[in-house]
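The values are calculated or read from the model by the stated rules, or taken from the named source; none is laboratory data. Just so you know, these numbers come straight off a predicted model, no measurement behind them. Don't worry about glycine lacking a Cβ; one is built from the backbone with ideal geometry, like all the others, and counts go over all protein chains shown.
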Amino acid sequence: MHWLHPWFLLLLPVAAVPFLLKSRHAQTYSWLQMVPVDPFSDTVNRLVKAATSLMLLCLVLALAGPQGESHQEQKVGKGAQTVFVIDRSVSMDHPFAGQGTGGHAAEIKSAAARRLITAFIDSRPDDMMGVVGFTNSALYGMKITTNRDGIHSAIQAATGPALNQTNIGAGITNAVTLFESIPSTGSRAIVLLSDGAGKLSPHVKYQIRKQLVGKKLNLYWIVLREPDDISIFSNNTYDEGRVPEAIALDRFFHSLNIKYKAFEADNSTALESALREIDAKEKNVIQYSIMIPGHDYAKDLIVLAMLLGLALVMVKHIRMY
């Protein structure tokens, strides 16, 4: 057992106060020998003092925050270690189709991503997940963890608006480093979600290729596109140096010695379908440790103090009659 706020233990002498104070009676007698001996009342008085002292002791100990020792437990499930790399450029706040139809505003890409990724997370309770955002640089969101509250908060932050730049290279390299601090278990995947590509310099390409060597990471790229965007699956031919950035990035990912698949989503239904396919592919046996916090004895002490206080109120009420 350990104490969260041990300095409150300095108040322990307060528990002796009920025994130091004398009881005040309703009547005063000039000659005590005329008062008959009342052992029952004396016993009740001592019990009341003891209960008051114990109540104060419980309150002091509760303030000190006694906690049981925490321990780790090994969990075995079916899932993956996944890092979401999410585009935070301002274009993510545009609707999929560019504008609303039928008098209703279309769902914006960042909102759809937030909603569907949250559902994806909730449907995979055994996964370990991390989050990285990126605009002109990588934005750390959350390390790879099983803490669902932390993951949800990171997704909320990563789907907010930011700058009008798309530095995918920084996002991917940052995501790869998150896997270095945890042992490998189950599937390991990076899910890149963006509505643009951006041009990767030769140095960044070299860094990505170097970092991915031997990592056994699967890479998925979900392109949130609008109808007039160029498809990365286009069979068009382009002159050297004039290849669209999205197609060039797709070709670079294919050149890496890893498992890679790209998706295009021009609406929230297509995005949901892509996540559903990733969900089906990334389910292997996964083992991980979780920290089980020790028992919080402060709650027990507060309940006991409340019961003692209630008993003292009842005794006080009885003595009035």
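Descriptive notes on the structure:
- Residue in segment 220-239 that is of a type in the set (S, T, N, Q) and not in a loop (DSSP other than H, G, I, E, B) present: no
- For segment 121-142, the tally of residues that are surrounded by fewer than 17 Cβ atoms within 10 Å (Cβ to Cβ) and within 13 Å of the chain's Cα centre (by Cα) stands at 2.
- For segment 282-296, a tally of residues being assigned to a strand (DSSP E or B), of a type outside the set (Ser, Thr, Tyr) and under 30 Å from Trp3 (Cα atoms) returns 4.
- Check on Asp266, over 20 Å from Gly171 (Cβ atoms) and surrounded by fewer than 16 Cβ atoms within 10 Å (Cβ to Cβ): no
- Of all residues in segment 221-263 being on the phi < 0 side of the Ramachandran plot and among the small types (Gly, Ala, Ser), the one that is surrounded by the most Cβ atoms within 10 Å (Cβ to Cβ): Ala246
- Selection from segment 199-219 of residues that are crowded, with 16+ Cβ neighbours inside 10 Å and either in contact (Cβ under 8 Å) with a residue 60 or more places away in the chain or assigned to a loop (DSSP other than H, G, I, E, B) (or both): Leu200, Leu217, Asn218
- Qualifying residue in segment 259-273 (condition: closer than 30 Å to Thr185 by Cα, in contact (Cβ under 8 Å) with a residue 12 or more places away in the chain and of a type in the set (Ser, Thr, Tyr)): yes
- Residue in segment 115-127 that is modelled with pLDDT under 85 and either more than 22 Å from Asp279 (Cβ to Cβ) or assigned to a helix (DSSP H, G or I) (or both) present: no
- One residue stands out in segment 8-47 among those that are of a type in the set (Phe, Trp, Tyr) and modelled with pLDDT of 70 or more: the one that is nearest to Met314 (Cα to Cα), namely Phe40.
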